[in-house]
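The values are calculated or read from the model by the stated rules, or taken from the named source; none is laboratory data. For clarity, every value in this text was computed on a predicted model and none was experimentally measured. All Cβ positions, glycine included, derive from the backbone under ideal geometry; neighbour counts span all protein chains shown. With ligands, DNA and RNA removed, areas are computed over all heavy atoms of the protein, side chains included. Shrake-Rupley method; radii C 1.70, N 1.55, O 1.52, S 1.80 Å.
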Amino acid sequence: MAFRVAQISDTHLSAAHPEFTANFEALAEHLRAIRPDLVVHTGDVSAHGELAIDDLRFARERMDGLGLDWLAVPGNHDVGNDAVLGGATPANAERLMRWREAFGADWHLRDIPGWRLIGLDTLITTAGLPESEAQFAFLAEALATAEGRRVALFQHKPLCRERLADTEMTYWPVLPEARRRLLGLLEGHDIAFVASGHLHQWLDRGVCEGLRQIWAPAVAFVVGDAWQERWGEKPLGYVEHLLHADGRHECRLVTLPGLARHDIGLMPAVYGPQVPLPEHA
Ligand SMILES: [Fe+2]
Ligand SMILES: [Fe+2]
């Protein structure tokens, strides 16, 4: 029987935002009913964890409330964003410590029959912390010792938005230098897919440039077309991965009628006003 992973993402939990908690609870009720073998959260677990630990604690309690086996990697709203992008809340040692206090590890390794699941903290890849280097070393070791298992990667930011050679330094993908380093490590290993969140868009274009990248939709809200281009699709929901012991993998989008379709562009009280795209300005 296949091992079933429910990849959930971008729940943006906070006591201050009951509408997002309601979406999470609708998802939680569904997950408790279908009981996947593992829930993997690909980040932005909390709404404002980059500012204080309260939302991280609130999110941790909700995740524990699933009553299921789960693991989570942090997003930019949990540990801060890539410092080189120049935002007010860079991923740094203090924010990483808060995550670890509330959630424990920010990277993970889990073996299941035929597979090695690896969770990565993409936000510290450019932070220049000792933990940044430790994570690269962890990844190299995890790949070197996979012993014939297929590898599945879970992380917050997608490796790229369009092409692996993209040079854009933007909010959305893993930044080029960190991407080059990650790709160098992945080279020559049997990577079945890289599953990410952050874009609040669903996309599975299959294997492209030798890698299958799967974007999970958000649970909490979409970023409407007036504020964010549409590279994939913008449902709310989660991704179900079926991992067979012989290495076969299937995945599908699962949407739930109980998820209210919030648009963050219409909710400036949460993260401030979004910047409209030129054609909508
Ligand atoms: Fe998010
Ligand atoms: Fe994010």
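Of the numbered conditions (1) more than 15 Å from ligand 1 (Cβ to nearest atom); (2) surrounded by 17 or more Cβ atoms within 10 Å (Cβ to Cβ); (3) at positive phi, Gly86 fails exactly one; give the number of that condition.
Against the list (1) more than 15 Å from ligand 1 (Cβ to nearest atom); (2) surrounded by 17 or more Cβ atoms within 10 Å (Cβ to Cβ); (3) at positive phi, Gly86 comes up short only on (2).
Consider Leu159 carefully, then state whether it is within 16 Å of ligand 2 (Cβ to nearest atom), buried (at least 20 other Cβ atoms within 10 Å of the Cβ) and under 21 Å from Val5 (Cβ atoms). Walk me through it before giving the result.
On the way: within 16 Å of ligand 2 (Cβ to nearest atom): yes; buried (at least 20 other Cβ atoms within 10 Å of the Cβ): yes; under 21 Å from Val5 (Cβ atoms): yes.
Taking the combined requirement at face value, the residue satisfies it.
With modelled with pLDDT under 95 and either under 30 Å from Gly247 (Cβ atoms) or away from ligand 2 (no atom under 15 Å from the Cβ) (or both) as the only criterion, which of Gly86, Gly43 stands out? Steps first, please.
Values: Gly43 fails: modelled with pLDDT under 95.
Within the list Gly86, Gly43, the selection yields Gly86.
Looking at (1) more than 26 Å from Glu25 (Cα to Cα); (2) open to solvent by 20 Å² or more (accessible area, probe 1.4 Å), which is the one condition that is false for Arg100?
(1)
Filtering region 191-224 down to residues that are closer than 19 Å to Val73 by Cβ and small (Gly, Ala, Ser), which residue is farthest from ligand 2 (Cβ to nearest atom)?
Ala192
Can you say whether Trp107 is more than 15 Å from ligand 2 (Cβ to nearest atom), surrounded by 17 or more Cβ atoms within 10 Å (Cβ to Cβ), within 17 Å of the chain's Cα centre (by Cα) and under 19 Å from Thr125 (Cβ atoms), as far as the supplied structure shows? Before you say what the answer is, go through the steps one by one.
Details: more than 15 Å from ligand 2 (Cβ to nearest atom): yes; surrounded by 17 or more Cβ atoms within 10 Å (Cβ to Cβ): yes; within 17 Å of the chain's Cα centre (by Cα): yes; under 19 Å from Thr125 (Cβ atoms): yes.
Yes.
Which residue pairs have Cβ atoms closer than 7 Å, lie 6 or more positions apart in sequence or on different chains, and pair a first residue in region 1-23 that is over 15 Å from His77 (Cα atoms) with a second residue that is in a loop (DSSP other than H, G, I, E, B) and hydroxyl-bearing (Ser, Thr, Tyr)?
Pairs that qualify, where the first residue is over 15 Å from His77 (Cα atoms) and the partner is in a loop (DSSP other than H, G, I, E, B) and hydroxyl-bearing (Ser, Thr, Tyr), are Gln7/Thr42.
Name the residue, out of Arg150, Arg180, that is of a type in the set (Lys, Arg), more than 16 Å from ligand 1 (Cβ to nearest atom), open to solvent by 40 Å² or more (accessible area, probe 1.4 Å) and farther than 17 Å from Cys251 by Cα.
Working: Arg150 fails: farther than 17 Å from Cys251 by Cα.
After applying the criteria, what remains is Arg180.
Of all residues in region 73-90, which are touching a residue at least 40 places away in the same chain (Cβ under 8 Å) and aliphatic (A, V, I, L, M)?
Of everything in region 73-90, those that are touching a residue at least 40 places away in the same chain (Cβ under 8 Å) and aliphatic (A, V, I, L, M) turn out to be Val73, Val79, Ala83, Val84, Leu85.
State all residues of region 24-52 that are in a loop (DSSP other than H, G, I, E, B) and either open to solvent by 10 Å² or more (accessible area, probe 1.4 Å) or of a type outside the set (Asp, Glu) (or both); if no residue qualifies, say none. Even if it seems obvious, please write down each step before you answer.
We begin by selecting, within region 24-52, every residue in a loop (DSSP other than H, G, I, E, B); these are 35-37, 42-45, 47-52.
Once the filter is applied, which keeps residues that are in a loop (DSSP other than H, G, I, E, B) and either open to solvent by 10 Å² or more (accessible area, probe 1.4 Å) or of a type outside the set (Asp, Glu) (or both), region 24-52 yields Arg35, Pro36, Asp37, Thr42, Gly43, Val45, Ala47, His48, Gly49, Glu50, Leu51, Ala52.
Against the conditions (1) modelled with pLDDT of 95 or more; (2) more than 16 Å from the chain's Cα centre (by Cα); (3) more than 15 Å from ligand 1 (Cβ to nearest atom); (4) surrounded by fewer than 18 Cβ atoms within 10 Å (Cβ to Cβ), where does Trp227 fall short? Just the number, please.
Of (1) modelled with pLDDT of 95 or more; (2) more than 16 Å from the chain's Cα centre (by Cα); (3) more than 15 Å from ligand 1 (Cβ to nearest atom); (4) surrounded by fewer than 18 Cβ atoms within 10 Å (Cβ to Cβ), only one is false for Trp227: (3).
Being among the β-branched types (Val, Ile, Thr) and either more than 15 Å from ligand 1 (Cβ to nearest atom) or open to solvent by 10 Å² or more (accessible area, probe 1.4 Å) (or both), is that true of even one residue in region 9-20? If you could, list the steps in order and put the result at the bottom.
To start, the set of residues in region 9-20 that are among the β-branched types (Val, Ile, Thr) comprises 11.
Applying the additional criterion that residues be either more than 15 Å from ligand 1 (Cβ to nearest atom) or open to solvent by 10 Å² or more (accessible area, probe 1.4 Å) (or both) yields none.
Looking for residues that are among the β-branched types (Val, Ile, Thr) and either more than 15 Å from ligand 1 (Cβ to nearest atom) or open to solvent by 10 Å² or more (accessible area, probe 1.4 Å) (or both), one finds none in region 9-20, hence no.
So Thr170 passes all but one of these: (1) of a type outside the set (A, V, I, L, M, F, W, C); (2) crowded, with 18+ Cβ neighbours inside 10 Å; (3) within 15 Å of ligand 2 (Cβ to nearest atom). Which condition number does it fail?
Among (1) of a type outside the set (A, V, I, L, M, F, W, C); (2) crowded, with 18+ Cβ neighbours inside 10 Å; (3) within 15 Å of ligand 2 (Cβ to nearest atom), Thr170 violates only (2).
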